[in-house]
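Colleague: Submitted below is the structure of interest, expressed as structure tokens.
The values are calculated or read from the model by the stated rules, or taken from the named source; none is laboratory data. On a predicted model such as this, the values are computed, not experimentally measured, just so you know. Every residue, glycine as well, gets a Cβ built from its backbone with ideal geometry; the counts of neighbours run over all protein chains shown.
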Amino acid sequence: MKKFTLISLLAISFICIFFITDLLSQKGEDKITAFNTSLTLESSKAKSKEYYQIALSLNKKSVEAMLGITLPLSALNEWENVRQTYKDILAIDPNNYTANLRLGQSYLFLQDYRSALKHLEKVKQMFPGDYETNTSLGWTCFYLGKKSEAKDLFITTLMISPGDTLAQKGLKLVR
């Protein structure tokens, strides 16, 4: 009788552990699904902008929320708001990688090379081996007539990403 009771208790324990584990893993899967759905909705210009604005109204200095709102703003082509948001981030965190890089790239696109240089050089000092920084700064220097610096930056880009067509094109132009 003792063996039967012990075996029954063990069987019930294993069944309970199995179901509890299954339930817990579903919660994790639900979180993953919800997160991925939010990213999909964000990229499809959904209401994420409003939710980020609510988050910012609750904490005006949340760099995370500010970085987040740049995604729907970009999807909505609200470029001036994107740039202003990056400036707001830099007022709180002057060395923020993403804000400096994206603001520098934005200025490069606008052909404001002096402003681009300021932000991209800051990122380059902190992350000298960063692909995007070296490429963007290389083109900025090229357009400013700093061909020697541009050449070095394009070479660095090719060291990071051999065969990169943007860096190869830039390197041909500075030679």
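Rundown of residues vs (1) closer than 23 Å to Tyr52 by Cβ; (2) assigned to a helix (DSSP H, G or I); (3) at pLDDT 95 or above; (4) more than 16 Å from the chain's Cα centre (by Cα), yes/no style:
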| site | (1), (2), (3), (4) |
| --- | --- |
| Asn81 | yes, yes, yes, yes |
| Gln84 | yes, yes, yes, yes |
| Lys87 | yes, yes, yes, yes |
| Leu90 | yes, yes, yes, no |
| Pro94 | yes, no, yes, yes |
| Thr98 | yes, yes, yes, no |
| Leu101 | yes, yes, yes, no |
| Leu108 | no, yes, yes, yes |
| Ala116 | no, yes, yes, yes |
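Conditions (1) in contact (Cβ under 8 Å) with a residue 24 or more places away in the chain; (2) of a type in the set (A, V, I, L, M, F, W, C); (3) under 28 Å from Glu80 (Cβ atoms), marked per residue:
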| position | (1), (2), (3) |
| --- | --- |
| Asn96 | yes, no, yes |
| Ser106 | yes, no, yes |
| Phe109 | no, yes, yes |
| Lys118 | no, no, yes |
| Thr133 | yes, no, yes |
| Thr140 | yes, no, yes |
| Pro162 | no, no, no |
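Colleague: Let me ask you something else. In the stretch 148-175, how many are over 21 Å from Arg114 (Cβ atoms) and either among the aliphatic types (A, V, I, L, M) or outside any helix (DSSP H, G or I) (or both)? Walk me through how you get there before you give the answer.
Modeller: Here is the first cut: in the stretch 148-175, the residues over 21 Å from Arg114 (Cβ atoms) are 155-169, 171-172, 175.
Narrowing the set further to residues that are either among the aliphatic types (A, V, I, L, M) or outside any helix (DSSP H, G or I) (or both) leaves 155, 158-164, 166-167, 171, 175.
Final tally of qualifying residues: 12.
Colleague: Ok, one more. Return the only residue of Gly129, Gly138, Gly145 being small (Gly, Ala, Ser) and part of a helix (DSSP H, G or I). Please lay out each step first, then the result.
Modeller: On the way: Gly129 fails: part of a helix (DSSP H, G or I); Gly145 fails: part of a helix (DSSP H, G or I).
Only one candidate qualifies: Gly138.
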